[in-house]
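A short worksheet on the structure shown next.
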Amino acid sequence: MLNIILFGPPGAGKGTQSEKVIKKYNLTHIATGDLFRKHKEEGTSLGKLAQEYIKEGKLVPDEVTIKMVDEKIKENKNANGFIFDGFPRTVAQAEALDQFLKANNMNISGVVALEVPDQELRVRLKERAKTSGRVDDQDEEKINIRIQVYHNETSPVAGYYEKMKKLKRVKGVGSIEEIFNAICTSIDSFKK
Ligand code: AMP
């Protein structure tokens, strides 16, 4: 079973690349941002709670996020493998994911970290705001908060997997195809 984490800051291209990776490796996509937005559209209490944090550019509490991911994995017991996109975003989430996978005889095969300079992220998120319809893309202040939250709370997750020798860094600047090829090279190395 191939279980991949596509890691990186907001605007790194995780969503775009995940779509391509899913097709090539026949994986099930678990994107926590997408799941929260779906809950919001459906008007669930989880969606309403998450939105309070999302609109401020802050992280949704770990407990809520972890529970949602656990449920999603359970719903897809027969999956060929998973690609986690936008999760884990804290070391506590990474530890909870490891525990949950271990209890179900699974593990993380490897983590691909997309690296994009902050200035480029700001440009991309401002551009995405024109079409994404996402409240958290519209406001420059919220974009800055999300990038800061990434540095403070999320980037330590890379170190967590690096210690386990599961992390591959990929330059997230270039054409979509170039970046995709580099991601595939990393994923293929996890399979060996
Ligand atoms: P994304 O679509 O991945 O950019 O996520 C949009 C927003 O959803 C983030 O800015 C957070 O507010 C929230 N979110 C998504 N994934 C997580 C996570 N793993 N932990 C906490 N909050 C999250």
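Observations
- Candidates Gly57, Gly47, Gly33, Gly11 - the one that is within 27 Å of Arg122 (Cβ to Cβ) and in a helix (DSSP H, G or I): Gly33
- In the condition set (1) of a type outside the set (D, E, K, R); (2) surrounded by 13 or more Cβ atoms within 10 Å (Cβ to Cβ); (3) in contact with a Leu (Cβ under 9 Å, 6 or more places away or on another chain); (4) part of a helix (DSSP H, G or I), Gly159 is compliant with all but (2).
- Residues being among the β-branched types (Val, Ile, Thr), under 19 Å from Glu162 (Cβ atoms) and within 15 Å of the ligand (Cβ to nearest atom) are represented in segment 99-108 by at least one member.
- Residue match in segment 15-38 (condition: open to solvent by less than 70 Å² (accessible area, probe 1.4 Å), over 30 Å from Asn181 (Cα atoms) and either more than 10 Å from the ligand (Cβ to nearest atom) or among the aromatic types (Phe, Trp, Tyr) (or both)): no
- Residue, least open to solvent (accessible area, probe 1.4 Å), within segment 40-64, restricted to residues that are touching a Leu at 6+ places or on another chain (Cβ under 8 Å) and free of Cβ contacts under 8 Å to residues at least 24 places away in the same chain: Val64
- When the residues of segment 125-138 are filtered to those that are in a helix (DSSP H, G or I) and within 12 Å of the ligand (Cβ to nearest atom), the one that is surrounded by the most Cβ atoms within 10 Å (Cβ to Cβ) is Leu125.
- Positions within segment 65-93 being assigned to a helix (DSSP H, G or I), more than 8 Å from the ligand (Cβ to nearest atom) and either under 20 Å from Tyr25 (Cβ atoms) or open to solvent by less than 50 Å² (accessible area, probe 1.4 Å) (or both), in sequence order: Ile66, Met68, Asp70, Lys72, Ile73, Glu75, Val91, Ala92
The values are calculated or read from the model by the stated rules, or taken from the named source; none is laboratory data. Please read all numbers here as calculations on a predicted model, not as lab measurements. Heads up, the Cβs are rebuilt from the backbone with ideal geometry, glycines too, and the neighbour counts pull from every protein chain shown. The area values use the complete protein model at the heavy-atom level, side chains included, leaving out ligands, DNA and RNA. Shrake-Rupley method; radii C 1.70, N 1.55, O 1.52, S 1.80 Å.
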